[in-house]
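Notes follow the structure.
The values are calculated or read from the model by the stated rules, or taken from the named source; none is laboratory data. Quick caveat, the model's predicted, so the values are computed rather than measured. For neighbour counting, all protein chains shown are included, and Cβ atoms are generated from backbone atoms with ideal geometry for every residue, glycine included. Ligands, DNA and RNA are excluded from the accessible area calculation, which covers all protein heavy atoms including side chains. Shrake-Rupley method; radii C 1.70, N 1.55, O 1.52, S 1.80 Å.
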Amino acid sequence: MSNTTISLNVMRGVLEQLPLMSGKIVDDTRHEKVLSYLRLFLERQDAVTQLLGWNVIGIVEQCLDAASDFRVSSVAIRFLGDALNAHGGAVLWAELGNSSILSWISKAGDSPHALVRVSTLYFLRQASLKHYDQQFAKLLESTDYSRLLLRRLQDSSYFVVSEACLLLAQLSSIAQVDDKLDGLVSRIAQWQPDKISDKRKISALAVISTLVLEGNERASEFALQVFKVEQLEPYLFESDTIVRDKALDLLELTLYRISKDALDKVLRLLSNRLEYDGSGGKNIAIVLRCLAAAVKQLPGNDKLNKEQCQRELCEQLANMAMRIIMRIYPDAQTPATSNDIPTMSIIEPIETRILAHLSGKCSVGELRQLASEAARIIREHCRLYSSSSMTSAINGLLGNSQVQQHTQLLHLLLDAAERQLRASLDARPAYWQQTLSELIGNFAIHASRLKQLFNVVLEMPQGISPSLEQAVRARLADVEWEARDTALEFIAQAACHLADMQAQMVVTKAVADDVVGLLKNREEYVRASAASALAALLKSSHLDALHWWLASHQNLQSPAITCLLEDSEAIVRRASLDFVQALMSVESSKEWLSSLNHRLLYALADDPDFEVRVRCAQLLTRLTFYSLHCVDVERRAIDELQSDALLLDMCRDSSRYVRQACLQGLKVLTKEIVPVGDRMDEGEQGASKRVQRDGSQTSGLHLLSEKLRNVDFTRLEESLSAEHLYEEALDTQVERELMKESHEPNDGNNILDCY
């Protein structure tokens, strides 16, 4: 809904009735709907002027009354905060100095309701964005903001903690130096993890992360200065999963700007943790996750770029991860050279301790977890760097039956392989094209990942490997219907998007024959995709040689087409109608005409699926238009279909999408037929020699011309507008009772149900 659909009267009515919203309303989302509606109004250039004219400050003061529902107070104060940043918000901010709202804000930060606490912090943050003046400084002092923030950072509600972090980052960024805020951050950074609760640990990590991510350069640098990266170690190895995840997120942010000395210190801490902590596989998994974060972030680190060390480190970590996976799955056919790559001295202790642990007795679940964590390192490395040896090793793992049974590992390795392909198609294209074909032909790769590989083919800048055709045909015969469906979708996309030679190498007669065979597949999605693929082949200008061959295919004769149009599934009927329209474009094909009859078209025009009816209206338009240019025998066959009468009858369809398709078709026909009818009425000789050859055709055209003249196009166009559906609900004066909850069934605060 755009702001142009919001009536001023309706907006004013909603705003004035906001304080009267009943506290008996159970559904809290109703208040959020009201807030969303109010926020839409702020997009207007004159929004603040209108609000001041409606005494918005007085209305908000009523909402903040002690007797008001706290949810109404929350909506009002958040809306007011948003209004401060709308066009003309400075005037509204100045007016607030004469109200009791700022006094309420100074006390509401410790409200017993979490929603009020978070709304108060939100208002302060919104006000600080554009109005950091003497009035705002006075407001901050009245809240005792440093202590307020400390309390809210330890709040029981995580939403309050998150908003407090954002406010702290905002205040730290706009103030040059604030000793109170700096002292607060320093105090939080010095919290001892072994002496505080998990909630306080999460708060400490959230504060530093928000300052680094949302604060300005001074705030970010100060946060990292008081919270050293080595302080993350106890957080990273916490038993609480949320604490660990927050620590990993902060580690990623830190690694983006870490120095070489600090990085070495982190790696030594991880190594020492493996040496002195006997928890085994759990700590190894955490260490591998930290190393994956390093491989992800270090390439963008400007400090390390100057020393040219990050690429070597990332490659060494990826090679180490590959050796770990190969130790877990020794039967994988991977290149032997992968084990002979020398390891950096700082990484060697980590690898040694991990491999020593793997030599002991480990459960299957633990081995799978460690393999997955190692694969994350490889995936992040392949995002930026590529090498044929790494790709060969990944392909070897993908061919291993044990790896294929480990779904998470398989997906991670496929991600890595795909990233390698995208990064390296320009270099050694023949090698990478062959690799891509082998991956597509791997039946262990399921539909979702197969689609990603097909997308890589569509993006290839150079030729297609000849082996790709065999890989595609193999997936068309896959035992999983999702894979067959994905392969058919790829064929349709290849026909539309690949260049001439590339499309011809992928979509051969053998592939097209396989597609035709899938029209009788027992899975409805496969039948629909096969019909859509054939439609795409017939529309492609790159595959002219296939058009006549498909049009004369023995399995695409009229009985087969009729069977598709009568399919029990709507998705197949939609695709079949697209296919018939594409077949009409092939000049040598007439099978489509003999497959149609009036009974079938009538059934499609009355189909319960509106998308089928839309396509039926499009087909009826083409049939009527085609009858104007075809030979007499075909014209008589089309006249028997009564396509024009069906099209006019569909203008009364309940779906506006169907009516829109009818309108578009009728406009095309009107432009073509009505001028001919006018010339007939005027008795012009020779106006249309083609038309005058057959008296029955002349009579039919004259009758159709008259029907088109009688169509009320204006009324039909008006019925297509979506906005009129909301007009009756919104174009009314809002009454006080509408904002109240009633005890009657199905009667309540329904003013915004249409939103």
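Just the residues that are out of contact with any Lys or Arg (no Cβ under 9 Å at 6 or more places or on another chain), surrounded by fewer than 18 Cβ atoms within 10 Å (Cβ to Cβ) and among the small types (Gly, Ala, Ser), please, taken from segment 245-284.
The answer is Gly278, Ser279, Gly280.
Within segment 606-639, track down each residue that is within 42 Å of the chain's Cα centre (by Cα), basic (Lys, Arg) and either in a loop (DSSP other than H, G, I, E, B) or under 28 Å from Trp549 (Cβ atoms) (or both).
Selection gives Arg615, Arg622.
Here are Leu534, Leu518: which of them is open to solvent by 10 Å² or more (accessible area, probe 1.4 Å) and either under 16 Å from Ala575 (Cα atoms) or not in a helix (DSSP H, G or I) (or both)?
Leu518
Listed here are the residues, each with its yes/no results for (1) assigned to a helix (DSSP H, G or I); (2) of a type in the set (A, V, I, L, M, F, W, C); (3) at pLDDT below 90.
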{"site": "Ile208", "(1), (2), (3)": "yes, yes, no"}
{"site": "Ala219", "(1), (2), (3)": "yes, yes, yes"}
{"site": "Ser239", "(1), (2), (3)": "no, no, yes"}
{"site": "Ile242", "(1), (2), (3)": "yes, yes, no"}
{"site": "Leu253", "(1), (2), (3)": "yes, yes, yes"}
{"site": "Ala262", "(1), (2), (3)": "yes, yes, yes"}
{"site": "Val266", "(1), (2), (3)": "yes, yes, yes"}
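Can you name every one of the helices (runs of 4 or more DSSP H) wholly within segment 455-513 that holds 3 or more residues which are at pLDDT 85 or above and under 23 Å from Leu556 (Cβ atoms)?
It comes to 467-476, 481-497.
Considering segment 575-605 alone, what residues qualify as being part of a loop (DSSP other than H, G, I, E, B), over 39 Å from the mean Cα position of the chain (by Cα) and either hydroxyl-bearing (Ser, Thr, Tyr) or crowded, with 17+ Cβ neighbours inside 10 Å (or both)?
Answer for segment 575-605, where residues must be part of a loop (DSSP other than H, G, I, E, B), over 39 Å from the mean Cα position of the chain (by Cα) and either hydroxyl-bearing (Ser, Thr, Tyr) or crowded, with 17+ Cβ neighbours inside 10 Å (or both): Ser588, Ser589, Lys590, Ser595, Leu596.
Could you please let me know if His87 is at pLDDT below 90, within 33 Å of the chain's Cα centre (by Cα) and not β-branched (Val, Ile, Thr)?
Answer is yes for this residue.
Please count how many residues of segment 19-35 are surrounded by 15 or more Cβ atoms within 10 Å (Cβ to Cβ) and within 34 Å of the chain's Cα centre (by Cα).
Matching residues across segment 19-35 total 6.
Kindly list the number of the only condition in (1) open to solvent by less than 50 Å² (accessible area, probe 1.4 Å); (2) more than 22 Å from Val229 (Cα to Cα) that fails for Lys180.
(1)
Please give the number of the condition Gly97 fails out of (1) out of contact with any helix residue (DSSP H, G or I) (no Cβ under 8 Å at 6 or more places or on another chain); (2) free of Cβ contacts under 8 Å to residues at least 40 places away in the same chain.
(1)
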